[in-house]
1. Looking at S121, is it of a type in the set (S, T, Y) and either at pLDDT 75 or above or farther than 30 Å from K323 by Cα (or both)?
2. Testing F372 on (1) within 18 Å of P294 (Cα to Cα); (2) at pLDDT below 85, one condition comes back false. Which one is that?
3. Go through the residues of region 298-307 one by one and say whether even a single one is within 30 Å of S121 (Cα to Cα) and either of a type in the set (A, V, I, L, M) or crowded, with 16+ Cβ neighbours inside 10 Å (or both).
4. Among the residues of region 95-110, is any in a helix (DSSP H, G or I) and at pLDDT below 95?
5. Give just the number: which of (1) surrounded by 14 or more Cβ atoms within 10 Å (Cβ to Cβ); (2) modelled with pLDDT of 80 or more; (3) in contact with a Phe, Trp or Tyr (Cβ under 9 Å, 6 or more places away or on another chain) does M160 not satisfy?
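The values are calculated or read from the model by the stated rules, or taken from the named source; none is laboratory data. Values in this document were obtained by computation on a predicted structure and should not be read as measured data. Please note: Cβ atoms are built from the backbone with ideal geometry, for glycine as well, and neighbour counts cover all protein chains shown.
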Amino acid sequence: MLAALGLRYGSDEATEFSVEVHKFLAVEAYRSSVTLAKERGAFPIYDFKREVNNPFMQRIFSAAPGLEEEMHKYGRRNISLLTIAPTGTTSMMAQTTSGIEPVFMVSYTRRRKVNPNDVTSKAVFVDEVGDHWEEHTVFHHNFETWLRVNNYNVQDVKEMDHDALNELIKKSPYYGATSADVDWVAKVKMQGAVQKWVDHSISVTVNVPQNVEESMIGEIYEEAWRSGCKGITVYREGSRSGVLVSNDKKKDDDNDFRETKAPSRPAKLEANILRFQNNKEKWVAIVGLYKDRPYEVFTGKAEDFFIPTYVEEGWVVKNRTEKGKSRYDFEFEDRGGEMQEYRGLSRSFDKEFWNYAKLISGILRHGMPLPFVVDVVNTLSFENESINTWKMGVVRALKKFIPDGTKSGKDTECPECGNDSLVYKEGCLSCNSCGYSKCG
């Protein structure tokens with residue numbers, strides 16, 4: 001309703017309008033209950049005197065002249081009439097929003113596994129196990145209504161690229177008003193304003209990220225108390241992970257285990273280059289970065305990578321061949337400021353090195369902390385000396401991205417002084433106590 005009227009959820013205008021709606025509902029609901037009491041009698045324990053000083057009833061009477069006298073004379077048919085219950089599944093069936101919650105997401109992408117040999121399929125993503133997936137855009141149903149009202153073709157909009165779609169969403173009343181956008185405290189203020197016209201409680205969940213400060217949680221609860229909310233639910237991301245996964249009882253040692261989902265790979269990733277010696281050969285490692293964190297690793301002989309030695313960064317771009325297979329290209333800016341491209345990074349891969357790099361990339365994508373990734377790679381054992389030196393090159397490439405002060409993944413005890421003070425400094429484990437360094 002708010003979006004249809006051009007009001008942004010969480011704004012003062014939207015809150016004022018919501019209050020007027022609930023005020024109207026409250027007055028008419030109580031007026032109807034008095035009308036029913038005239039016909040069928042009041043509820044058995046109704047006593048007008050018990051509610052004389054009730055602030056809620058005083059608000060009802062002030063908004064509906066004459067209702068107080070009628071209720072005093074005939075009573076009321078219902079003890080209470082209003083509540084806003086949690087209606088997640090029900091709201092989806094009814095094609096509406098759940099209570100007074102904002103839209104969770106305007107647009108998101110869904111994947112469907114497809115047969116790569118099917119000529120009609122449009123696979124755009126291949127996961128770590130080789131399964132092919134087709135992607136399609138899904139819109140909130142009311143956003144589709146807004147598109148049609150404003151003479152947009154919904155199917156055409158679904159085929160827009162990411163940037164064009166975001167620009168269009170900015171024109172809609174949903175922009176800046178999803179669950180992730182709405183100011184948490186403003187949402188509580190809105191609940192408190194509406195609560196004054198609801199005789200029972202309101203189901204509202206304040207969703208906050210996992211790294212939210214404890215003081216902010218306190219501020220949300222205090223605002224709920226100041227605003228007159230009868231109840232408030234705060235959900236911190238990850239605080240109930242796994243609750244609905246299984247009914248099986250697990251041992252205490254297993255309670256912290258949880259599966260993760262790798263983030264979807266953007267078509268273009270920033271990349272960093274590191275050159276290293278593999279046995280007697282010069283090699284290159286290209287590390288694709290997602291949100292400044294290693295996401296994938298490509299390696300190959302320097303003689304097969306036609307990239308100038310002065311190039312230290314660029315972009316790994318995922319493209320598709322004419323046969324529909326994935327291909328990774330490397331783009332970089334030359335000294336003259338022109339964009340250059342090296343196509344087909346995978347052509348440079350020795351099969352054995354490619355498989356190990358793919359394994360390491362899978363670990364990185366699923367969010368294992370970098371110190372632990374380094375430990376995993378370090379402990380790999382190979383009879384082939386070339387793979388061992390390749391392994392150390394990959395370790396060097398990953399260590400570059402470990403922030404200074406980060407503790408080692410497993411052993412943090414200094415071999416020199418015995419203190420638990422080994423941390424990473426400029427990619428090398430060093431002791432904060434005695435100055436010992438594994439690199440020196």
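1. no
2. Against the list (1) within 18 Å of P294 (Cα to Cα); (2) at pLDDT below 85, F372 comes up short only on (2).
3. Yes, region 298-307 contains at least one residue that is within 30 Å of S121 (Cα to Cα) and either of a type in the set (A, V, I, L, M) or crowded, with 16+ Cβ neighbours inside 10 Å (or both).
4. The answer is no; no qualifying residue exists.
5. (3)
Matching residues to (1) under 27 Å from D375 (Cα atoms); (2) exposed (fewer than 13 other Cβ atoms within 10 Å of the Cβ); (3) of a type in the set (D, E, K, R):
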residue	(1), (2), (3)
K318	no, no, yes
Y328	no, no, no
R335	no, yes, yes
E352	yes, no, yes
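Table: residues versus (1) at pLDDT 95 or above; (2) among the hydrophobic types (A, V, I, L, M, F, W, C); (3) over 30 Å from V157 (Cβ atoms).
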position	(1), (2), (3)
L5	no, yes, no
S11	no, no, no
F17	no, yes, no
T35	yes, no, yes
N54	no, no, yes
I84	no, yes, yes
T87	no, no, no
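Each row is one residue, and each column tells you yes or no for (1) touching a residue at least 60 places away in the same chain (Cβ under 8 Å); (2) closer than 17 Å to R77 by Cβ; (3) part of a loop (DSSP other than H, G, I, E, B).
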residue	(1), (2), (3)
R8	yes, no, yes
A14	yes, no, no
V19	yes, no, no
F24	no, no, no
R31	no, yes, no
V34	no, yes, no
